[in-house]
Amino acid sequence: MIALARRLLADTFLRYVAASGVALAADLSAFFALVFGGMPAGAASALAYSFGIIVHWLIASRAVFIGDVAERGRARTRQKALFVLSAFAGLALTTGIVSAGAAVEANLLLTKLVAVATSFAANWMIRRRLVFRLAPATA
């Protein structure tokens with residue numbers, strides 16, 4: 001059991017899934033609070049996703065991509081900028097999917113989940129291959 005836990009913690013993708021789960025919980029909580037507060041679904045989705053981006057960066061840069069985070073200076077600034085750009089891609093996907101679902105009066109939870117899955121896949125690929133890519137010696 002301990003060996004399995006160590007193996008899971010050693011796997012970058014599984015740590016990314018866990019970090020995404022925490023960020024998703026923050027996103028969904030904010031999303032439904034904003035919607036129930038009267039904000040239109042598309043705008044609520046955008047704001048909530050933005051909150052999730054902040055949560056995700058904090059976790060990803062400290063606990064997921066260990067050894068692949070630039071220390072400081074230009075490299076770290078570039079990495080943060082690429083992370084934000086990848087988040088904008090996810091934000092565009094999420095906002096578009098949720099807005100389209102709302103326009104056809106689809107269930108908001110199901111629509112949000114489709115948006116989350118699509119955004120997750122896109123962001124994982126961008127972040128693993130571009131933002132936090134492995135050094136050539138370990139790739």
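The values are calculated or read from the model by the stated rules, or taken from the named source; none is laboratory data. Since the structure is predicted, the reported quantities are computational estimates derived from the model, not experimental observations. Don't worry about glycine lacking a Cβ; one is built from the backbone with ideal geometry, like all the others, and counts go over all protein chains shown.
For region 47-93, filtered to residues that are crowded, with 18+ Cβ neighbours inside 10 Å and hydroxyl-bearing (Ser, Thr, Tyr), the residue that is nearest to residue 116 (Cα to Cα) is 49. Residue 19 passes every criterion in (1) modelled with pLDDT under 90; (2) crowded, with 16+ Cβ neighbours inside 10 Å; (3) not in a loop (DSSP other than H, G, I, E, B) apart from (1).
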